[in-house]
Amino acid sequence: MVESEVGWEDGKIVCELPITLPTSKVRVKRNEEPIAVRQNNLKEDDLLEWQISYYKEGKILIEVGKMLELAYQHGIISKEELEKLEDYVDKVPNVFDEDFEITKEETDKKFLGEFKIIFRHVPIIRKELYNGCFIEAELKHKQRAVGYQPMLYIFIPVQNVVSDNSLGSLIGRPAESKEIARWFPTKNDMIGTIKTFAVLSHKHRDDIIEIIKRITKS
Ligand code: ADE
């Protein structure tokens, strides 16, 4: 999968999100459904859904890991704030993948007379950020093992991003080929994302502690 580039530009952190690539971890959603951005005019409250990461192979920091590192190096997040964050993460009392499960609810209802109707309930946690951005994590069954794999997504309204081309806004037109949306995360967005990762599972919490320690020591 293509990762999204995170960099430092004119005193701000910028995330470059490819919105038209089929292999991208970014999709545009309207009413919970992905939309074809090359064929539809975008609306201001369409949401970019970004399956954001913190590491790639070799524990190299990418995406929110890189944001946190840049924020620290450029003084957006202080050492004290990182220590406070580490303290929060250290003391997380419960993790999402152990406290919740996916359940099946059987009903007495029938479809076409002969099929029983069953509902699956999938737990989701949501954290509101500012400006209409929010994070959701949901449980998935692990593909080749027992247990759950929580998956985290950050949602960003289209009105919060600017295009990399001369058109600026993405609203009221389809996306162009290979178009990139630029998003400028706030400190609250970064800390909220890190906190949510830290409550997903023990593994995620340990990863996040390692990342914070590495950044404060750098
Ligand atoms: N590990 C790295 N990225 C992740 C994501 N988006 N959700 C859950 N775990 C992850």
Lone unmet requirement of (1) touching a residue at least 40 places away in the same chain (Cβ under 8 Å); (2) open to solvent by 90 Å² or more (accessible area, probe 1.4 Å); (3) of a type in the set (Phe, Trp, Tyr) for Tyr153
(2)
Could we say that Glu138 is closer than 25 Å to Ser201 by Cα, modelled with pLDDT of 95 or more and surrounded by 14 or more Cβ atoms within 10 Å (Cβ to Cβ) here?
yes
Search region 176-199 for residues being more than 25 Å from Thr23 (Cα to Cα) and not in a helix (DSSP H, G or I), and hand back the single one that is farthest from the ligand (Cβ to nearest atom).
Thr186
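A quick yes/no check of all residues on (1) open to solvent by less than 60 Å² (accessible area, probe 1.4 Å); (2) part of a helix (DSSP H, G or I); (3) touching a strand residue (DSSP E or B) at 6+ places or on another chain (Cβ under 9 Å):
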position	(1), (2), (3)
Gln39	no, no, no
Glu44	no, no, yes
Ala71	yes, yes, yes
Pro93	no, no, no
Lys104	no, no, yes
Arg126	no, no, yes
Gly132	yes, no, yes
Looking at (1) buried (at least 18 other Cβ atoms within 10 Å of the Cβ); (2) more than 14 Å from the chain's Cα centre (by Cα); (3) more than 16 Å from the ligand (Cβ to nearest atom), which is the only condition Ser78 fails?
(1)
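Being closer than 17 Å to Leu70 by Cα and in contact with a strand residue (DSSP E or B) (Cβ under 6 Å, 6 or more places away or on another chain) is the filter; apply it to region 10-37 and report the residue that is surrounded by the fewest Cβ atoms within 10 Å (Cβ to Cβ).
Within region 10-37, the subset closer than 17 Å to Leu70 by Cα is 10-16.
Filter again for in contact with a strand residue (DSSP E or B) (Cβ under 6 Å, 6 or more places away or on another chain), leaving 14-16.
Working: Val14: 18, Cys15: 25, Glu16: 15.
Going through the qualifying residues, I end up with Glu16.
So is Ala145 within 16 Å of the ligand (Cβ to nearest atom) and either more than 20 Å from the chain's Cα centre (by Cα) or surrounded by 11 or more Cβ atoms within 10 Å (Cβ to Cβ) (or both) or not?
Details: within 16 Å of the ligand (Cβ to nearest atom): yes; either more than 20 Å from the chain's Cα centre (by Cα) or surrounded by 11 or more Cβ atoms within 10 Å (Cβ to Cβ) (or both): yes.
Yes; evaluated as a whole, the condition is true for this residue.
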Odd one out for Val26 among (1) within 16 Å of the ligand (Cβ to nearest atom); (2) without any contact (Cβ under 8 Å) to a residue 12 or more places away in the chain; (3) among the β-branched types (Val, Ile, Thr)
(2)
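The values are calculated or read from the model by the stated rules, or taken from the named source; none is laboratory data. What you see is a predicted model; the values in this text were computed from it and never measured. Using ideal geometry, Cβ is built from the backbone for each residue, glycine included, and neighbour counts are taken over all protein chains shown. In case anyone asks, the SASA skips ligands and DNA or RNA and just uses the protein heavy atoms, side chains included. Shrake-Rupley method; radii C 1.70, N 1.55, O 1.52, S 1.80 Å.
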